[in-house]
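Here's the structure, in structure tokens; my notes come after.
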Amino acid sequence: YDLETMTLTSFRQAVAVTYDKEALCTAASPQRSGGYGLIGNNYIYDPDTGAKYRDTDQAKQALCDFYSVDVSKFASLDDAVDSITGYDPETAKALYKQAFDEAIAAGYITDANGDGKSDQAIEIIYSSAATSDFMVKTIDYLNNKMAEVTAGTPFEGKISIKESAPLGDPGWSDNIKAGLTDTVLAGWSGSDLNPFSLTDLYVNPDRKSTRLNS
């Protein structure tokens, strides 16, 4: 197994566009809905008026840019944003190939027989408090879609998502902070907030422990 390839930005970007977030919610937990972008729907940028960051054209354009949505093909910027699902298999395949090339160059993986496929497997450990029907459905969906999107890439049949041992609460988040598990799904909650304090988590070294737990 290889662990280092997961640190590559190209690999992480590939995983980000491997999944249709609405389809994932439908498959695993229909009462949920897909989330897009770091700053949630309730963050305000003007405390005096209550104006929300996600309602600005700049925020909408940032989402379209990140998900490679061509705004010119839509009647409005809002329509372009509404089309986003997070799923872009063509871009994902290209990014998996880029990650493979970078991982080979860095010595993270090998391709001993020159067939263009990784000799090593990548096992992504999902941090779990306790197994459940939701967890089983989520892991199944993640693996099935990963297999579908990586077909024909250097990582075909090489990437799997595995549920961790039951870690309890806050054990699941403690393991994420300590780097003992690799991923977890998260969402937004809470009341209206000012986004500047959120930004501080990512630029202030003193807030590192808080950032890793958020």
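Per residue, the convex hull spanned by the alpha carbons of the stretch 36-118 comes to 130 Å³.
Hydrodynamic estimate: the Kirkwood radius of the stretch 91-214 over Cα pairs, inserted into Stokes-Einstein at 4 °C and 1.567 mPa s, corresponds to D of 76 µm²/s.
Expressed as cubic angstrom per residue, what is the convex hull volume of the alpha carbon set of the stretch 125-192? Let's see the in-between values first.
On the way: hull volume 8.6 nm³, N = 68.
Cα-based convex hull of the stretch 125-192, divided per residue, equals 126 Å³.
So how do 171-179, 152-160 stack up, highest first, on mean other-Cβ count within 10 Å?
On the way: 171-179: 16.0, 152-160: 18.8.
Listed from highest to lowest mean packing, they are 152-160, 171-179.
For the chain, set up a GNM with springs between Cα atoms under 10 Å and report which of T49, T91, T181 has the largest fluctuation. Judging by the Gaussian network model, the answer is T49. For the chain, the solvent-accessible area with a 1.4 angstrom probe is 57 square angstrom per residue.
Here the extension length gained between D2 and K117 equals 40.1 nm, from 0.36 nm per residue of separation less the Cα-Cα distance. On the accessible surface of the stretch 95-214, probed at 1.4 Å, how many percent belong to carbon and sulfur atoms? That share works out to 53 percent.
Within the chain, antiparallel bridges make up roughly 20 percent of the DSSP beta bridges whose residues both belong there.
Determine the sum of side-chain charges near G152: Lys and Arg each +1, Asp and Glu each -1, restricted to other residues whose C-beta is under 12 angstrom from that of G152.
Details: positive: K93, K97, K117; negative: E90, E148, E156.
My count for the surroundings of G152 gives 0.
Here is what passes the span test in the chain: the DSSP H helices with alpha carbon length of 24 Å or more along the helix axis and a Kyte-Doolittle mean of -0.5 or above are 89-106, 133-150.
Subtracting the Cα-Cα distance of A105 and Q61 from 0.36 nm times their residue separation leaves 12.4 nm of extension gain.
For the pairs K21/K97; K93/K162; K60/K93; K73/K158; K21/K60; K60/K145, note any where the Cα-Cα span goes beyond 29 Å. Working shown, then result.
Values: K21/K97 23 Å; K93/K162 21 Å; K60/K93 25 Å; K73/K158 36 Å; K21/K60 17 Å; K60/K145 27 Å.
From the list (K21/K97; K93/K162; K60/K93; K73/K158; K21/K60; K60/K145), the Cα-Cα distance tops 29 Å for K73/K158.
The orientation-averaged shadow of the Cα convex hull for the chain, equal to a quarter of the hull surface, comes to 13.9 nm².
The values are calculated or read from the model by the stated rules, or taken from the named source; none is laboratory data. None of the values given here were measured: they were computed from a predicted structure. Glycine gets a Cβ as well: all are built from the backbone with ideal geometry, and neighbour counts include every protein chain shown. Heads up: the accessible areas ignore ligands, DNA and RNA and are worked out on the full protein's heavy atoms, side chains in. Shrake-Rupley method; radii C 1.70, N 1.55, O 1.52, S 1.80 Å.
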